[in-house]
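Read the figures in this text as sums done on the coordinates, not as results from a lab. Quick caveat, the model's predicted, so the values are computed rather than measured. With ideal geometry, Cβ positions are generated from the backbone for all residues, glycine too; neighbour counts draw on all protein chains shown.
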Amino acid sequence: MTKIHDPSSAAKPGIDRPLRLGTRQSPLALAQAEMTAKALVAAHRWSADQVELVPMIASGDRILDRSLADAGGKALWTKELDRSLAAGEIDCAVHSMKDVETIRPEEFVVAAMLERADIHDRLVGAENIDALPHGAIVGTASPRRKAQLLRQRDDLDIRLIRGNVQTRLAKIAAGEYAASLLAAAGLDRLGMDDIGTDISDELMLPAPAQGAIGIETLREAQAIRDLLSDISCSATFQAVMAERAFLAELTADCHSPVAANAVVQDTQLCLRAEILLPDGSESVSDSVEFANDDKQAPARLANSLLGRASAELKAVFGR
């Protein structure tokens, strides 16, 4: 087990101190940080105590009565880690990439991504979407999942659900919700791979960067960047950066129902994406294949989707 950092005994700077990994304090975030620590230990043939986890409570974990979009957006997951990274209290920060704002402060850089896990959404509480009773209460905090569910079942009562995975499962077990959708990757990382049913990505294309763990550090910290590069999965990095470029061109935010997934195929990428109205009554989707050095292809796809959207759907993305 990786050692948990004790704030009262800060490690000495220099090569004789452990690498400090900042992480949110939730069980899933800690599991992802442990994965990162183990990857570093294996890649550099370190002992386990050469990496320390520095857990902290994110604002997003404190605010549970509102959606992220209404409470301040994805920065609620990153700002505490950002502050610690800028202050030199940690050397790098471990993130679920789908929770990282598309536009980041210039001083930070995503230096590595671990190999991507399962991209699918998993339905918990029912065998499949069609099996849900008429008018069933389904919990989600994601505008994308809400829109995709309503596109298939406009009778469903979609309500906000917040909290960590364990909290959400407890609310379903207590009957507060008939079902909820969770990321398969998160459940698997918590050892809950037997819970729920995967939803086909043909029915519900996932969120951009879903299933990917990213490690961010200071842009100027070249020595740390070099250490992290040895654990980075090139295919995951290329795919997720393409998805984030698509988001950036859309100027999408936490209110925007948007889905995207890229897959690397030799020297090519295939990017699938869709944009939706919040009530699921309209969606526009397409895919594009492009060379992995074509950095403008995701933006072209974003503009193609917007070009085919109604005025109402364009307005969701500020157009």
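Computing FRET efficiency as 1/(1 + (r/R0)^6) for Gln152 and Asp226, where r is the C-beta to C-beta distance and R0 is 45 Å, gives about 0.45. Near Leu269: Cβ cut-off under 9 Å, other residues only, Lys/Arg at +1 and Asp/Glu at -1. The net charge is -2.
Peptide packing for 101-107, 196-202, 214-220, 186-192 was compared via the average number of neighbouring C-beta atoms within 10 Å per residue; ordered from the highest value, the list is 214-220, 186-192, 196-202, 101-107. Among Arg225, Arg168, Arg319, a tally of other beta-carbon atoms within 10 Å of each Cβ gives an order, fewest to most, of Arg319, Arg225, Arg168. Taking amide H as placed 1.01 Å from N in the peptide plane, the amide H of Leu19 sits under 5 Å from that of Val51, Glu52, each at least 5 places away or on another chain. Short-range pairs are left out: with C-alpha atoms under 8 Å and at least six residues apart, the relative contact order of the chain is 19 percent. Taking the DSSP bridge list for region 121-198 and keeping only pairs wholly inside it, about 55 percent are antiparallel. Across all C-alpha atoms in the chain, the radius of gyration and Dmax reach 19.7, 61 Å.
Under the definition of Cα pairs under 8 Å and six or more residues apart, what whole-number percent is the relative contact order of region 241-316?
Taking the mean separation of contacting Cα pairs over the length of region 241-316, I get 31 percent.
Which of these, Pro257, Pro133, Pro27, has the largest mean-square fluctuation under a Gaussian network model of the chain (Cα springs below 10 Å)? Result for the chain, Cα springs under 10 Å: Pro133 fluctuates most. Residue separation of Arg319 and Glu107 scaled by 0.36 nm, minus their Cα-Cα distance, works out to 73.4 nm of gained length.
Each Lys or Arg adds one and each Asp or Glu takes one away; over the other residues whose Cβ falls under 15 Å from the Cβ of Asp155, this sums to 0. DSSP bridge analysis restricted to the chain gives an antiparallel fraction near 70%, rounded to the nearest 5. Axis of helix 75-86 versus longest Cα principal axis of the chain: the two differ by about 20°, to the nearest ten degrees.
Within 13 Å, Cβ to Cβ, of Glu176, how many net charges do the neighbouring residues add up to if Lys/Arg are +1 and Asp/Glu are -1? Show your work: numbers first, answer last.
Details: positive: Arg159, Arg162, Arg168, Lys171; negative: Asp157.
Neighbour charge sum, excluding Glu176 itself: +3.
In this simple spin-label approximation, Glu202 and Gln25 carry label points 7 Å from Cα along the Cα→Cβ vector, and these lie 4.5 nm apart.
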